[in-house]
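Asks: Below is a structure I'd like to ask you about.
Just so it is clear, none of the values below were taken in a lab; they were calculated from the coordinates. All of these numbers come straight from a predicted model, not from anything done at the bench. Here the Cβ positions follow ideal geometry from the backbone for every residue, glycine too, while neighbour counts run over all protein chains shown.
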Amino acid sequence: MSIDTDLDRLYQLKPSEFTAERNAIAKRAGPRAADIRALPKPTAAVWAVNQLHWRQPELYRSLIQAAENLRATHKAIVAGRRADLRAASRAHEEALEAALKATLDIAAHDGHPPSDATRQAIGTTLRALPADDPAGRLRHALAPGGFEMLSGLPAGGRVIPAPARKEQKRAAGKHTPAAATKEDKAAEARARKQAEAVAKAVAAAEQVARREEFEAARTAREAEKAERRVARAREALDEAEAELKEAEREAEQARKKRDAAKDRSDAADQALADARSRIE
């Protein structure tokens, strides 16, 4: 069995089983041992998103395809090409909604009903997919980038609407100022105003996107930190309970030895008293 196969299996385990199995894989990983031992235990949100890949692969693939299509649409618009941003955004939102519902169901079904912070981290991570990590082996929560944060906004990305483009081309076709008509000049002015309005809308949308991206990243980091603190506290509690049980077991053994020693001492004292009685 290859190390990558072992890692695929590792990320399908429950979070409570992750650390021990990761360390076991690292022991037989040879030159990859250090990298594997450094893999962080997934938070509840990251674990749930990984399980979507393993348990609902069709939903996961649909989300990735929709996200990639949305990114390609944004890039086409930025490059000045025509593209249907509204349809791409709608398809991504529908895929995202289905993926989010399935991921939350997976978490609840496995006995880990997500908190509000975990739900938010799951949502932002799903929206930010695809990631650099291999599918199903996500290590950290994600935050959406610029293209994803712009999804759902009005499709103002057609830099100049089609009618204005025609008017602009018609105006450009006049080779001398004397040949330009009042209608052509008016069309050119309207096109310029429309372009300026679109540029302002895009700039405003980018500002909103940056603010929302920062806030999403901040809350995702806070949620992940909180999940890590909870995980560390649980591990410490488990260790403390194990030490308590061991101490109780040792104390019970010590009590039994003490009682046995006392019984032997009492028997020796009685034997001594009996011996003295016989001598007397």
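Asks: Between Ala261 and Arg28, what is the label-point separation in nm under the 7 Å Cα-to-beta-carbon projection?
Replies: 4.7 nm
Asks: With 29 Å as the limit, write out which pairs from Lys75/Lys185; Lys75/Lys193; Lys101/Lys245; Lys41/Lys75; Lys14/Lys101 have Cα-Cα distances beyond it, or answer none.
Replies: Pairs exceeding 29 Å: Lys75/Lys185; Lys101/Lys245; Lys41/Lys75.
Asks: Please list, in order along the stretch 22-36, the HN-Hα scalar couplings obtained from phi with the Karplus expression 6.51 cos²θ - 1.76 cosθ + 1.60 (θ = phi - 60°), rounded to whole Hz, x for Gly and Pro.
Replies: Karplus-based 3J(HN,Hα) across the stretch 22-36 equals 4, 5, 5, 5, 4, 5, 10, 8, x, x, 8, 4, 5, 5, 5 Hz.
Asks: Ala141's amide H: which non-local residues (gap 5+, or another chain) put their own amide H closer than 5 Å, with H modeled 1.01 Å from N in plane and none for Pro or chain starts?
Replies: For Ala141, no residues qualify.
Asks: Fewest to most neighbouring Cβ within 10 Å: what's the order for His140, His109, His74?
Replies: Lowest count first: His109, His140, His74.
Asks: At 0.36 nm per residue, minus the direct Cα-Cα distance, what do Ala236 and Asp133 gain on full extension? Give it in nm, one decimal, please.
Replies: Stretched fully, the Ala236-Asp133 segment lengthens by 34.2 nm.
Asks: For Arg249, Arg61, what ranking results if the residue with the fewest other Cβ atoms within 10 Å of its Cβ goes first?
Replies: Least to most surrounded, the residues fall as Arg249, Arg61.
Asks: Which FRET efficiency value, to the nearest 0.05, do you get for Arg37 and Ala254 by plugging their Cβ-Cβ distance into 1/(1 + (r/R0)^6) with R0 = 35 Å?
Replies: 0.40
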